[in-house]
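Below is one structure; the comments refer to it alone.
The values are calculated or read from the model by the stated rules, or taken from the named source; none is laboratory data. Because the structure is a prediction, the values reported are computed rather than measured. We place every Cβ from the backbone using ideal geometry, glycine too, and count neighbours over all the protein chains shown. Note: accessible area is taken over every heavy atom of the protein model, side chains too, but ligands, DNA and RNA are not part of it. Shrake-Rupley method; radii C 1.70, N 1.55, O 1.52, S 1.80 Å.
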Amino acid sequence: MKVCVVGTGYVGIVSGAGFAEAGNDVVCVDVDEAKVNKLNRGETVIYEPGLEELLQRNTRAGRLQFTTDLTENVAKADVVFIGVGTPSRSDGAANLMAVDKVAEDVARAAIKETVLVLKSTVPVGTNTRVRRIVGKLSEHPIHVVSNPEFLKEGDAVNDFMRPDRIIVGCDEDDTMAREIMWRLYHPYSLTKERILWMDPTSAELSKYVANTMLAMRVSFMNEVAALCERVGADVHRVRMGAGSDERIGGKFLFAGPGYGGSCFPKDVKALVETGHDHGVELELCSATDRVNQRQKGVLLRKLKNAFEADLRGRKIALWGIAFKPRTDDIRESPALTLIEGLRAEGASVAAHDPAAAVHARTLFGDDVEIVDDQYDAVEGAEALVLVTEWKQYLNPDFDRIRQRMKRPLLIDGRNMWSGYGLRKQGFLYDGIGVIGS
């Protein structure tokens with residue numbers, strides 16, 4: 001099948017490579033010529049485990065190409081995917097300018113009946129909106145399908161190749177769209193049927209509801225962690241006690257410095273705004289966002305408490321800048337909130353991250369010391385804050401850390417070290433809602 005993917009951001013590049021891996025002829029379109037040239041050499045433009053190998057294998061085989069020419073490749077394609085960004089507007093709603101532009105371009109470029117798939121995360125009503133756009137501009141029938149992505153950064157290749165579910169929103173009587181989507185996704189449903197057919201509106205809403213529900217669990221456990229600190233309970237034990245109920249389960253019940261990234265913050269806000277647009281006050285969603293904004297300040301509050309609110313001139317070391325491990329994405333990362341807060345308080349910051357260092361250097365320049373070795377960050381530091389739970393931070397050389405620090409204070413933002421008995425080793429230790437170490 002000939003597939004055209006418009007947009008080579010996170011969603012577009014993973015989807016394009018994944019479709020090519022299944023034997024399809026895929027062309028990914030982007031306006032950035034330098035980016036296109038790099039991708040055609042098999043070089044990834046994002047940090048995602050397994051993606052570069054996928055790119056190289058399929059570009060060498062000729063199944064995957066990258067280009068700036070949308071018109072020619074839309075004309076050749078059996079199916080066109082829109083995978084452009086939908087960032088938040090100032091009011092929290094999704095900005096659909098890029099989606100609208102691609103829809104217009106596809107409508108003008110189509111020379112035959114075409115299936116157009118919305119892969120970007122878009123709010124309720126976008127399918128109808130795009131149908132209106134292409135209906136006005138195209139001389140040929142264009143079938144608009146909603147197919148939200150469920151790709152976790154750090155495990156996106158596996159999520160695409162072995163999905164939990166594949167949601168396809170299209171009209172029940174749209175036989176052309178259903179046939180093309182079934183054929184395209186059948187290779188990923190060989191062991192069991194994973195395609196969930198539904199109407200476009202339900203498909204659009206499913207994506208936002210899924211991410212917001214997971215975000216709710218994170219915010220709720222962060223509130224529970226704060227309560228644990230007040231009453232003397234351990235959030236680890238509370239988490240295991242609650243999560244052992246099979247109706248609840250143990251996923252997304254870990255306390256920390258708040259969620260970040262490109263999905264949860266944006267999608268929660270967008271769902272709240274969708275509710276506003278339709279006269280429904282989604283109070284739990286709004287509270288989820290408020291709790292997360294407050295939680296992003298928890299590490300700075302702990303540092304200020306440890307230093308009696310005087311951080312001026314103190315060196316603070318950070319381990320982890322990306323919003324989660326196995327990605328270089330620093331968007332909405334709790335580390336950024338902490339770094340900005342420390343700088344405002346007059347502290348100096350030395351930070352390390354295995355993947356996100358380049359982005360951090362671009363963002364902060366010389367204002368923040370970004371080091372290549374995690375132990376160099378703690379040299380002369382009065383506190384070490386663990387922000388991102390990279391595996392290489394799980395069991396570090398604590399003797400080496402203590403010897404290089406000016407003051408042996410550890411703020412464990414992920415509770416990774418809570419069982420190591422660090423206080424007995426001479427450290428001052430503070431986690432998020434734990435009584436261990």
> Of the accessible area of the chain, with the probe set at 1.4 angstrom, what percent is carbon plus sulfur?
Replying inline: 50
> With all pairs of different alpha carbon atoms counted, what Kirkwood hydrodynamic radius in Å does region 1-149 show?
Replying inline: 15.4
>> Counting just the Cα atoms, what span does the chain cover along each of its three principal axes? Round to the nearest Å and put the largest first.
In response: 72, 46, 42
> Where Lys and Arg each count +1 and Asp and Glu each count -1, what net charge lies around residue 265 among other residues with Cβ under 11 Å from its Cβ?
Replying inline: +1
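Just in region 1-98: which trypsin sites (Lys or Arg not before Pro) are loop by DSSP and have at most 16 other Cβ atoms within 10 Å?
41, 89
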> Residues with amide H under 5 Å of residue 84's amide H, sequence separation 5 or more or different chain, H placed in the peptide plane at 1.01 Å from N; which?
Replying inline: 120
> What dipole magnitude, in Debye to the nearest 20, does region 169-309 give about its Cα centre under +1 on Lys/Arg Cβ and -1 on Asp/Glu Cβ?
Replying inline: 1040
> If R0 is 45 Å, what FRET efficiency do you get for residue 309 and residue 91 from their C-beta distance, rounded to 0.05?
Replying inline: 0.85
> Assuming R0 = 51 Å, what is the FRET efficiency of residue 199 and residue 287, from their Cβ-Cβ distance, to the nearest 0.05?
Replying inline: 0.95
> How many angstrom separate the Cα center of region 154-228 from the Cα center of region 11-66?
Replying inline: 23
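Once the piece of chain linking residue 108 and residue 252 is laid out straight, how much longer is it, given 0.36 nm per residue of separation minus the C-alpha distance between them?
The span from residue 108 to residue 252 would gain 47.4 nm if fully extended.
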> Between the DSSP loop rule and a limit of at most 12 other Cβ atoms within 10 Å, which trypsin sites (Lys or Arg not before Pro) in region 295-368 are left?
Replying inline: 312
> Longest exposed-loop-site-free stretch of the chain, with GluC sites (Glu not before Pro), DSSP loop and at most 13 other Cβ within 10 Å?
Replying inline: 309-437
> Shape call for region 47-105 from the C-alpha gyration tensor, a ≥ b ≥ c root eigenvalues: rounded (a/c under 1.5), prolate (a/b greater than b/c) or oblate?
Replying inline: oblate
> Picking from 37, 75, 47, whose Cα lies most toward the positive end of the charge dipole for region 1-122 (charges on Cβ: Lys, Arg +1; Asp, Glu -1)?
Replying inline: 75
> Residue by residue through region 38-48, which ³J(HN,Hα) values in whole Hz follow from phi under the Karplus form 6.51 cos²θ - 1.76 cosθ + 1.60 (θ = phi - 60°), with glycine and proline marked x?
Replying inline: 5, 5, 5, 7, x, 9, 6, 10, 9, 8, 8
> Non-local amide H neighbours of residue 429 (under 5 Å, H modeled in plane, Pro and chain starts lacking H): which ones?
Replying inline: 410
> Which one of 95, 203, 364 is farthest out on the positive end of the charge dipole of the chain, using unit charges on Cβ (Lys, Arg +1; Asp, Glu -1) and the Cα centre as origin?
Replying inline: 364
>> With a 1.4 Å probe and all protein chains left in place, how much accessible area per residue does the chain have, in Å²?
In response: 45
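So what's the net charge close to residue 77: Lys and Arg +1, Asp and Glu -1, counting the other residues with Cβ under 11 Å from its Cβ?
Around residue 77, the charge tally is 0.
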>> Please report the antiparallel percentage of DSSP beta bridges with both residues in the chain, rounded to the nearest 5.
In response: 5
> Taking the Cβ-Cβ separation of residue 162 and residue 424 as r and a Förster radius of 51 Å, what is the calculated FRET efficiency to the nearest 0.05?
Replying inline: 0.75
> What residues have an amide H closer than 5 Å to that of residue 196, excluding those fewer than 5 places away on the same chain, when H is modeled at 1.01 Å from N in the peptide plane?
Replying inline: 166, 167, 168
> Under the Karplus relation 6.51 cos²θ - 1.76 cosθ + 1.60, θ = phi - 60°, what is the ordered set of whole-Hz ³J(HN,Hα) values for region 363-369, x standing for Gly and Pro?
Replying inline: 6, 9, x, 7, 6, 10, 7
>> What does the charge count around residue 349 come to, taking other residues whose C-beta lies under 12 Å from its C-beta (Lys +1, Arg +1, Asp -1, Glu -1)?
In response: -3
>> Classify region 282-360 from the C-alpha gyration tensor, please: rounded if a/c falls under 1.5, else prolate or oblate depending on whether a/b exceeds b/c.
In response: oblate
> Which of rounded, prolate, oblate describes region 293-437, given a ≥ b ≥ c as roots of the alpha-carbon gyration tensor eigenvalues and a/c under 1.5 marking rounded, otherwise prolate only if a/b is larger than b/c?
Replying inline: rounded
